[in-house]
Amino acid sequence: MLLVRFHIFSLACSLALASAPAFAQEPIELKGDVKVVRIAEQGGKRVETYAEPTQVVPGDRLKFTTSYRNGSGQAVQNFVITNPLPKAVVLTEVGNFEVSVDGGKSFGKLASRTVAIPEGGTRAATVADVEQVRWTVASIAPGASGSVTYFASVR
Amino acid sequence: MTRIKRLVAGTSALALMTAPMIAIAAPVGTAANTDITNTVSVNYQVGGVAQTQVQATDTFKVDRKVNVTVATTDAAPVAVTPGQTNAVTTFTVTNNSNATLDFLLAATNQTGGASNFNGAVNDSFDTSNIRIYVETNGTPGFQLGSDASVSTIASLASGDVATVYVVSNMTDPSTGLPADNAIATVLLTATAASGALVGAPITGAPGATAGSGGSAIAQDSAANGKNTMETVFADAAYLTYDAQYNGKHAARSDYKVTAARLSVNKYSRVISDPVGSASPRAIPGAVVEYCIVVTNASGGSTATTVAVTDQVPATMTYLPNSVYLNGAFTAPDTCAGTGGTAGTDAANYTAGTTTVSNTFTSIASTETRTLRFQATIK
């Protein structure tokens, strides 16, 4: 688990970014996490449990989660989380996110996406075509937090 | 996506090098020890002003998934004859792991129980001198003295397949020659290993060799690191012969004996008597014609070097130069004296033992051979 805590001016220094921030007091917290999905028997029912990815092999299903928190004193808007899928995984199901099948040039619901086929023309995109996923949170109040999730399996 | 592109590129490069295109198997899954890094980027605004992008990443390592598949490519029991040497059953060993691995090979006779191809028929004999060969000479099928006799496959890449021959002799170590329709079932087991020494290149599996040595690898048992590579067994079970998740897999094939189905019958008829009866009687001085018929029934293997001997009874005297071979048999008791070849006493009669004999070179399924001779009653 990697916890990234960005103070705005330390960010500006460390990343040496040119644009000056509009405000300069409080952090945005982001935390990326991955769990491996295991199927367990509990009371005679099959349930999914989430384990640390200590043993991960091809075919395993993974749960990628990004948690965020607005630690600043001001509301933030148009909070856009863009997540290119690692090359070694393939999306297993759609969720409350938009997807891109063209390397991030355009995003939309999977059902609206098409990909070109070598013989000419296009076909409907499938989860296997997804290269990036994106969530948009309209507004996050000061102190508010949330998380976004997608599932993928190891190629 | 990436993997497919790489495969296409690899194939076309090969096509340029060698005329007959060799199908290269694609690796199975993401290679062991690969880091999977998930990076998210967030853009946002405060008070309508875009802020500096923030990022977070999470990385873990793909572990080594050990999965080997053994299968036979025989579609039916391999037909053999009793005593046949170097009879061949054929298997494939496929590395479905996400890493290059060595494999130890072991071949054994099944002891009783249902055979592989027909569960209603049991394994009924053991073969002898059971050996393992790997396809290394590039010529499809097993060639004795040319394909490598080994018990280790070294460095079989992910997705690649080695052809393995289990070769044995059709003589049971304890009961000798097996009977017609007897079944011998053999089991080939491949065990994931490391540390093998290299040998002759294996046909169709670039980088793999018919190696030697090596020792089985173990699964990492305890909890372990997110950023270290562990070994995880993911192989299937094979009936009762091999458990799931043990780093091994097995398959079976059958030998089925087809013996020659020889039968021999001997007929006699009195063809003349000293008193010139119209219906000759078996009295002293009468001439008796013997007809020996050897038949290989339908479905039998071709019998070769079939030696027939018949001692003339002490109460009879062999009639010189009366041997006739391969005249047609006519029921109930007559071998024709035409349509075949006359024998010679030099070749077909031994006076010292009063024995008539002949060796038929071969008798195929459904064929018949006859031997006729005459003797007089003393």
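The values are calculated or read from the model by the stated rules, or taken from the named source; none is laboratory data. Everything quoted here is computed from the prediction, not taken from an experiment. With ideal geometry, Cβ positions are generated from the backbone for all residues, glycine too; neighbour counts draw on all protein chains shown.
Among residues of segment A:130-155 being farther than 30 Å from residue A:60 by Cα and more than 9 Å from every other protein chain (Cβ to nearest Cβ), the one that is surrounded by the fewest Cβ atoms within 10 Å (Cβ to Cβ) is A:138. If only residues of segment A:52-65 that are in a loop (DSSP other than H, G, I, E, B) and at the interface with chain B (Cβ under 7 Å from one of its Cβ atoms) are counted, the one that is surrounded by the most Cβ atoms within 10 Å (Cβ to Cβ) is A:56.
Can you go through B:69, B:39 and tell me which one is in a strand (DSSP E or B), modelled with pLDDT of 90 or more, not assigned by TED's automatic domain parsing to the domain that holds residue B:181 and not aliphatic (A, V, I, L, M)?
Details: B:69 fails: not assigned by TED's automatic domain parsing to the domain that holds residue B:181.
When all the criteria are applied, what remains is B:39.
Tell me yes or no: at least one residue of segment A:36-43 is modelled with pLDDT of 85 or more and away from chain B (no Cβ under 13 Å). Within segment A:36-43, one or more residues are modelled with pLDDT of 85 or more and away from chain B (no Cβ under 13 Å). Of all the residues in segment B:98-123, those that are within 18 Å of the chain's Cα centre (by Cα), modelled with pLDDT of 95 or more and among the hydroxyl-bearing types (Ser, Thr, Tyr) number 2.
Residues to consider are B:87, B:107, B:120, B:75; find the one that is under 30 Å from residue B:215 (Cβ atoms), of a type in the set (A, V, I, L, M, F, W, C) and surrounded by fewer than 24 Cβ atoms within 10 Å (Cβ to Cβ). Before you say what the answer is, go through the steps one by one.
Values: B:87 fails: under 30 Å from residue B:215 (Cβ atoms); B:120 fails: under 30 Å from residue B:215 (Cβ atoms); B:75 fails: under 30 Å from residue B:215 (Cβ atoms).
Exactly one residue qualifies, and that residue is B:107.
Taking the numbered list (1) within 14 Å of the chain's Cα centre (by Cα); (2) surrounded by 13 or more Cβ atoms within 10 Å (Cβ to Cβ) in turn, residue A:96 passes all entries but (2). For segment A:66-76, a tally of residues being surrounded by 18 or more Cβ atoms within 10 Å (Cβ to Cβ) and either without any contact (Cβ under 8 Å) to a residue 12 or more places away in the chain or part of a strand (DSSP E or B) (or both) returns 4. Taken over segment B:228-284, the residue count meeting the criterion of being exposed (fewer than 12 other Cβ atoms within 10 Å of the Cβ) and β-branched (Val, Ile, Thr) is 2. Candidates B:304, B:338: the one that is modelled with pLDDT under 95, outside any loop (DSSP other than H, G, I, E, B) and not hydrophobic (A, V, I, L, M, F, W, C) is B:304. For segment A:73-94, name all the residues that are touching a Pro at 6+ places or on another chain (Cβ under 9 Å) and either within 7 Å of chain B (Cβ to nearest Cβ) or among the aliphatic types (A, V, I, L, M) (or both). Correct list: A:74, A:75, A:76, A:88.
No other residue among B:54, B:40, B:62 is facing chain A (nearest Cβ under 7 Å), crowded, with 22+ Cβ neighbours inside 10 Å and touching a helix residue (DSSP H, G or I) at 6+ places or on another chain (Cβ under 8 Å) apart from B:54. The C-beta contact set for segment A:100-123 (first residue closer than 19 Å to residue A:85 by Cα, second residue among the aromatic types (Phe, Trp, Tyr) and assigned to a loop (DSSP other than H, G, I, E, B), distance under 6 angstrom, 6+ apart or interchain) comprises A:100/A:107. Taking the conditions (1) in a strand (DSSP E or B); (2) polar (S, T, N, Q); (3) exposed (fewer than 11 other Cβ atoms within 10 Å of the Cβ) in turn, residue B:295 satisfies each one other than (3). Within segment A:127-135, does at least one residue satisfy the condition of being polar (S, T, N, Q) and farther than 13 Å from residue A:80 by Cβ? The answer is no; no qualifying residue exists.
So, in segment B:135-163, of the ones that are outside any loop (DSSP other than H, G, I, E, B) and closer than 28 Å to residue B:30 by Cα, which residue ends up nearest to the chain's Cα centre (by Cα)? Spell out how you get there, then give the answer.
Going through segment B:135-163, the residues outside any loop (DSSP other than H, G, I, E, B) turn out to be B:148-149, B:152-156, B:161-163.
Applying the additional criterion that residues be closer than 28 Å to residue B:30 by Cα yields B:152-156, B:161-163.
On the way: B:152: 19, B:153: 20, B:154: 23, B:155: 25, B:156: 23, B:161: 19, B:162: 16, B:163: 13 Å.
Restricting to residues being outside any loop (DSSP other than H, G, I, E, B) and closer than 28 Å to residue B:30 by Cα, the top hit is B:163.
If I filter segment B:154-190 down to residues being of a type in the set (S, T, N, Q) and surrounded by fewer than 22 Cβ atoms within 10 Å (Cβ to Cβ), which single residue comes out as farthest from residue B:105 (Cα to Cα)? Here the answer is B:181.
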